[in-house]
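Novice: If you scroll down you'll find the structure; I have some questions about it.
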């Protein structure tokens, strides 16, 4: 067994054993829907969703929006191919915007997300 396969096997095993430290995260991409000119509001239609398990931790990344919270999602690299095709991550009833730069070391993916604080 190669070291690469050995590490991937251990990552998979760790995510199976991690229990409630990992959250069920729904990744979704939205496409604009109709715009109501009378109320000046638009709708977003969710085009695609994908559910995976990820560990949620604090992030050291800088948020693109002032006064916002930022978190990092850690998931197995082979859990999903193109994270960049999603724009929102939702867990525990809260939606977070995905920061486009996704790190991938071949074993784990690191996705930074932010959410505007409501004061």
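The values are calculated or read from the model by the stated rules, or taken from the named source; none is laboratory data. Since we're looking at a predicted model, the values are computed, not measured. Reconstructed Cβ throughout: ideal geometry from the backbone, glycine too, with neighbour counts over all protein chains shown.
Novice: Give the residue, chosen from 25, 31, that is within 22 Å of residue 81 (Cβ to Cβ), touching a strand residue (DSSP E or B) at 6+ places or on another chain (Cβ under 9 Å) and free of Cβ contacts under 8 Å to residues at least 40 places away in the same chain.
Specialist: Just one listed residue meets the conditions, 31.
Novice: Ok, one more. Restricting the first residue to the stretch 58-87 and requiring it to be without any contact (Cβ under 8 Å) to a residue 60 or more places away in the chain and at positive phi, which pairs with a second residue that is assigned to a loop (DSSP other than H, G, I, E, B) and surrounded by fewer than 18 Cβ atoms within 10 Å (Cβ to Cβ) meet a Cβ separation below 9 Å and a spacing of at least six or different chains?
Specialist: 67/117; 67/119
Novice: I've got another one for you. For the structure I just gave you, tell me whether residue 102 is in contact (Cβ under 8 Å) with a residue 12 or more places away in the chain, more than 13 Å from residue 24 (Cα to Cα), touching a strand residue (DSSP E or B) at 6+ places or on another chain (Cβ under 8 Å) and part of a strand (DSSP E or B).
Specialist: For residue 102, the condition - in contact (Cβ under 8 Å) with a residue 12 or more places away in the chain, more than 13 Å from residue 24 (Cα to Cα), touching a strand residue (DSSP E or B) at 6+ places or on another chain (Cβ under 8 Å) and part of a strand (DSSP E or B) - is met.
Novice: Name the residue, out of 39, 60, 52, 9, that is over 13 Å from the mean Cα position of the chain (by Cα), modelled with pLDDT of 90 or more and either surrounded by 11 or more Cβ atoms within 10 Å (Cβ to Cβ) or in a loop (DSSP other than H, G, I, E, B) (or both).
Specialist: Within the list 39, 60, 52, 9, the selection yields 9.
Novice: Would you please name the residue that is surrounded by the fewest Cβ atoms within 10 Å (Cβ to Cβ), looking only at residues in the stretch 63-99 that are out of contact with any strand residue (DSSP E or B) (no Cβ under 8 Å at 6 or more places or on another chain) and farther than 18 Å from residue 14 by Cβ?
Specialist: Ranking the qualifying residues of the stretch 63-99, first place goes to 93.
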